[in-house]
Amino acid sequence: MIKKHLNKIMALGIIAASIIAINPIGVNAEWKSDSIGWWNTEGSSYSTGWKLIDGNWYYFYSNGYMAHDTAIEGYYLGSGGAWTNSIITKEQAVQTVLNDHKYIDKPNDNDISLVKIYNKTYYRIYTHITYPLTDFNGGTKYRTESDTTAYVDIYTGKLYYGMES
């Protein structure tokens with residue numbers, strides 16, 4: 001009788017060990033950050049390469065830090081690190097420049113081109129800023145202050161001046 005119970009206990013032990021061995025233990029993933037940037041943990045390690053997290057694709061460098069505001073392998077990663085395919089139009093880029101200066105001449109199509117700088121793509125917009133001047137009779141005239149080259153990031157819409165192509 002003792003031998004029968006011992007065989008049952010051993011059989012249950014073997015079954016339990018088999019179930020534990022077959023079913024992997026869950027891995028806890030967690031976002032963390034420091035003064036350098038963000039990374040994602042995978043158990044006791046960190047993510048590297050492309051990872052699908054909560055329905056979004058992220059890229060992690062070999063040191064574990066998340067890439068952001070850049071293009072990796074032709075895919076643009078926004079400020080939050082997630083892959084995005086949103087691109088602003090030429091008209092939106094021009095409006096960004098117009099909104100930056102209250103008095104500016106609207107550029108024509110010949111003054112706008114796409115350029116790639118530092119692994120990102122921008123609209124390059126040649127224009128000049130004009131400022132209002134009041135003459136002695138109370139009338140307003142406009143004076144060209146400077147020729148300007150503006151750059152608008154096609155993914156974020158952020159405006160830059162003075163970049164070199």
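Going by what's in this entry, would residue 34 be described as open to solvent by 40 Å² or more (accessible area, probe 1.4 Å) and touching a residue at least 12 places away in the same chain (Cβ under 8 Å)? I'd like the intermediate steps shown before the answer.
Details: open to solvent by 40 Å² or more (accessible area, probe 1.4 Å): yes; touching a residue at least 12 places away in the same chain (Cβ under 8 Å): no.
So residue 34 fails the test.
Under 19 Å from the mean Cα position of the chain (by Cα) and modelled with pLDDT of 80 or more: does that describe residue 90? Talk me through it step by step, then tell me what you get.
Details: under 19 Å from the mean Cα position of the chain (by Cα): no; modelled with pLDDT of 80 or more: yes.
In short, no.
Identify, by number, the condition in (1) at pLDDT below 90; (2) open to solvent by less than 50 Å² (accessible area, probe 1.4 Å); (3) within 24 Å of residue 156 (Cβ to Cβ) that residue 13 doesn't meet.
Evaluating residue 13 over (1) at pLDDT below 90; (2) open to solvent by less than 50 Å² (accessible area, probe 1.4 Å); (3) within 24 Å of residue 156 (Cβ to Cβ) leaves (3) as the failure.
Would you mind telling me which numbered condition in (1) at pLDDT 90 or above; (2) in the same structural domain as residue 148 (by the TED database) residue 39 fails?
Result: residue 39 fails condition (2) only.
Which numbered condition trips up residue 18, out of (1) surrounded by 15 or more Cβ atoms within 10 Å (Cβ to Cβ); (2) among the polar types (S, T, N, Q); (3) modelled with pLDDT under 85?
Every condition holds for residue 18 apart from (1).
Just give me the residues in the stretch 93-132 being assigned to a strand (DSSP E or B), modelled with pLDDT under 80 and either open to solvent by less than 70 Å² (accessible area, probe 1.4 Å) or among the polar types (S, T, N, Q) (or both), in sequence order. Before the answer, list the steps.
Applying the first criterion (assigned to a strand (DSSP E or B)) to the stretch 93-132 yields 104, 112-117, 120-132.
Now narrow it down to the ones that are modelled with pLDDT under 80: 104, 117, 120, 127-132.
104, 117, 120, 127, 128, 129, 130, 132 - these are the residues of the stretch 93-132 that are assigned to a strand (DSSP E or B), modelled with pLDDT under 80 and either open to solvent by less than 70 Å² (accessible area, probe 1.4 Å) or among the polar types (S, T, N, Q) (or both).
Filter the stretch 60-89 for residues that are in contact with a Ser or Thr (Cβ under 9 Å, 6 or more places away or on another chain) and over 25 Å from residue 124 (Cα atoms); which is surrounded by the fewest Cβ atoms within 10 Å (Cβ to Cβ)?
For the stretch 60-89, the residue satisfying everything is 62.
Got at least one residue in the stretch 45-64 being in contact with a helix residue (DSSP H, G or I) (Cβ under 9 Å, 6 or more places away or on another chain) and not basic (Lys, Arg)?
Keep residues of the stretch 45-64 that are in contact with a helix residue (DSSP H, G or I) (Cβ under 9 Å, 6 or more places away or on another chain), which gives none.
No, the stretch 45-64 contains no residue that is in contact with a helix residue (DSSP H, G or I) (Cβ under 9 Å, 6 or more places away or on another chain) and not basic (Lys, Arg).
Among the residues of the stretch 41-65, which ones are among the polar types (S, T, N, Q) and either closer than 16 Å to residue 79 by Cα or in a loop (DSSP other than H, G, I, E, B) (or both)?
Applying the first criterion (among the polar types (S, T, N, Q)) to the stretch 41-65 yields 41, 44-45, 47-48, 56, 62-63.
44, 47, 48, 56, 62, 63 - these are the residues of the stretch 41-65 that are among the polar types (S, T, N, Q) and either closer than 16 Å to residue 79 by Cα or in a loop (DSSP other than H, G, I, E, B) (or both).
The values are calculated or read from the model by the stated rules, or taken from the named source; none is laboratory data. Since we're looking at a predicted model, the values are computed, not measured. Note that each Cβ is placed from the backbone with ideal geometry, even for glycine, and that neighbours are counted across all protein chains shown. Areas reflect the complete protein model, heavy atoms only, side chains present, ligands, DNA and RNA absent. Shrake-Rupley method; radii C 1.70, N 1.55, O 1.52, S 1.80 Å.
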